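The values are calculated or read from the model by the stated rules, or taken from the named source; none is laboratory data. The structure presented is a predicted model; accordingly, all values stated were derived computationally and were not measured. Here the Cβ positions follow ideal geometry from the backbone for every residue, glycine too, while neighbour counts run over all protein chains shown. For accessibility, only protein heavy atoms count, side chains too; no ligands or nucleic acids. Shrake-Rupley method; radii C 1.70, N 1.55, O 1.52, S 1.80 Å.
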Amino acid sequence: MLVDTLCSVAFYCQRCGQIEITDVPLFTGHGRQVLTCSHCGAEKAAIRFAPRSGLIVETTCGVCGSLNRFTYPLRKAKALRFEKIYCESDHFELGYIGRWQDIAEFLDFNAAEYDALHPQDAYNFMERQQILLEAFNRLHDFAEEGEILCPCGGHEFTADIAEDAIHLTCTRCGSYAVIPAATAEDLRQLQPGCEIDFLRPDLLRKR
Ligand SMILES: [Zn+2]
Ligand SMILES: [Zn+2]
Ligand SMILES: [Zn+2]
C-alpha cells in the first residue's frame, strides 16, 4: 500500500463552528481542493500544491474576514505532528495541522480539559467556539439588516471576539456593547430586535 497521506488538517467552520479532521492526500494533482463543512456546506479552506513552495493552505477568518495563506514545504508538512493555525491579523484560532492521531488527541483533550476546569458548564471547548461563531454571525446579519442601532444613531460597528462575548464598537461615537456569547441561553437571547445596551466611553471615564 502506498502511503499517500501528507498530513491532516482540521478547521473550525467559520459559519457553524463544527470541526472535523480531513486527510490531505500527497497527490492531489494540480487542482485546488476545497474543504467544505460536512455540517453546513460552507467552504472552510482550500489547499493546493505549488511545485516550489509545497502545500499551500488558504482560509478566511470568520472574525476579521482576512484571507490567510500558509505555506508548508512538503518535507515539513510530512514531519508535522501538531501545529495550531491562527489568523495572522487577529490571532483567532482557525484550526490545526499535523497527524490525524495528534489532532484527534488534542481535540479530545481540549474537550476533557475544558470540562475539568469548568465542571459547572455543560458545554466544552468546541461548543464554546461554535457558540461564539454563531453569535458573531448573527450579530453580523443584524448589523447588515440595520437592526442594531447605537444611541448616537450610528449603525456601523466593529466586532471583536473575546473569550466568552462579542464586543461591538460604534464606529461613529465609540460607544460599545458587550454581548455575552458563552451559553446556548445567550444564543436564545440573540434574536432580531433584541435589546443591545451601548455604553459611552466618556461616561465610563467619569466613574
Ligand atoms: Zn459549517
Ligand atoms: Zn482574523
Ligand atoms: Zn454611536
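Let me spell it out: the conditions are (1) modelled with pLDDT of 85 or more; (2) assigned by TED's automatic domain parsing to the domain that holds Y12, and F109 meets all of them except one. Which number is the exception?
Unmet condition: (1).
What pairs come up if the first residue lies in region 163-182 and is closer than 22 Å to C152 by Cα, the second is among the charged types (D, E, K, R) and within 16 Å of ligand 2 (Cβ to nearest atom), and their beta carbons are under 9 Å apart, counting only those six or more places apart or on different chains?
These pairs meet every condition: I166/D160; H167/D160; L168/D160; T169/D160.
Kindly provide the set of residues from region 43-55 that are more than 16 Å from ligand 2 (Cβ to nearest atom) and open to solvent by less than 10 Å² (accessible area, probe 1.4 Å), ordered by number.
A46, I47, G54, L55, listed by residue number.
Looking at (1) modelled with pLDDT under 85; (2) more than 23 Å from the chain's Cα centre (by Cα), which is the one condition that is false for E163?
Against the list (1) modelled with pLDDT under 85; (2) more than 23 Å from the chain's Cα centre (by Cα), E163 comes up short only on (2).
Enumerate the pairs (first residue in region 87-98 and closer than 14 Å to Y12 by Cβ; second residue anywhere and among the charged types (D, E, K, R) and crowded, with 19+ Cβ neighbours inside 10 Å) with beta-carbon separation below 6 Å, excluding pairs fewer than 6 apart on the same chain, so at least 6 apart or on different chains.
Listed pairs, sorted by first residue: none to list.
Check V34, V63 and return the single one that is within 16 Å of ligand 1 (Cβ to nearest atom), open to solvent by less than 30 Å² (accessible area, probe 1.4 Å) and under 26 Å from A135 (Cα atoms).
Residue meeting the stated conditions: V63.
Can you give me the number of residues within region 66-78 that are within 10 Å of ligand 2 (Cβ to nearest atom) and at pLDDT below 90?
Residues in region 66-78 being within 10 Å of ligand 2 (Cβ to nearest atom) and at pLDDT below 90: 0 in total.
One line per residue, one yes/no per condition, for (1) at pLDDT below 85; (2) of a type in the set (A, V, I, L, M); (3) away from ligand 2 (no atom under 16 Å from the Cβ):
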residue	(1), (2), (3)
R99	no, no, yes
Y114	yes, no, yes
E127	yes, no, yes
F136	no, no, no
I196	no, yes, yes
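Which one is farthest from ligand 3 (Cβ to nearest atom), of the residues in region 4-21 that are modelled with pLDDT under 90 and not in a strand (DSSP E or B)?
Only one residue fits best here, namely D4.
Does at least one position in region 11-30 carry a residue that is within 16 Å of ligand 2 (Cβ to nearest atom) and either open to solvent by 20 Å² or more (accessible area, probe 1.4 Å) or assigned by TED's automatic domain parsing to the domain that holds L133 (or both)?
Initial filter on region 11-30 (within 16 Å of ligand 2 (Cβ to nearest atom)): 11-15, 17.
Narrowing further to those that are either open to solvent by 20 Å² or more (accessible area, probe 1.4 Å) or assigned by TED's automatic domain parsing to the domain that holds L133 (or both): 14-15.
Yes; the residues of region 11-30 include at least one that is within 16 Å of ligand 2 (Cβ to nearest atom) and either open to solvent by 20 Å² or more (accessible area, probe 1.4 Å) or assigned by TED's automatic domain parsing to the domain that holds L133 (or both).
For region 174-194, indicate whether the set of residues that are in a loop (DSSP other than H, G, I, E, B), within 14 Å of ligand 3 (Cβ to nearest atom) and touching a helix residue (DSSP H, G or I) at 6+ places or on another chain (Cβ under 6 Å) is non-empty. Before the answer, list the steps.
Step one: of region 174-194, the residues in a loop (DSSP other than H, G, I, E, B) are 174-175, 181-183, 190-194.
Right, trim to within 14 Å of ligand 3 (Cβ to nearest atom) and you get 174-175.
Filter again for touching a helix residue (DSSP H, G or I) at 6+ places or on another chain (Cβ under 6 Å), leaving 174.
Yes, because at least one residue in region 174-194 is in a loop (DSSP other than H, G, I, E, B), within 14 Å of ligand 3 (Cβ to nearest atom) and touching a helix residue (DSSP H, G or I) at 6+ places or on another chain (Cβ under 6 Å).
Pick out the one residue from T59, T71 that is among the hydroxyl-bearing types (S, T, Y) and in contact with a Phe, Trp or Tyr (Cβ under 7 Å, 6 or more places away or on another chain).
Numbers: T71 fails: in contact with a Phe, Trp or Tyr (Cβ under 7 Å, 6 or more places away or on another chain).
Matching residue, one of T59, T71: T59.
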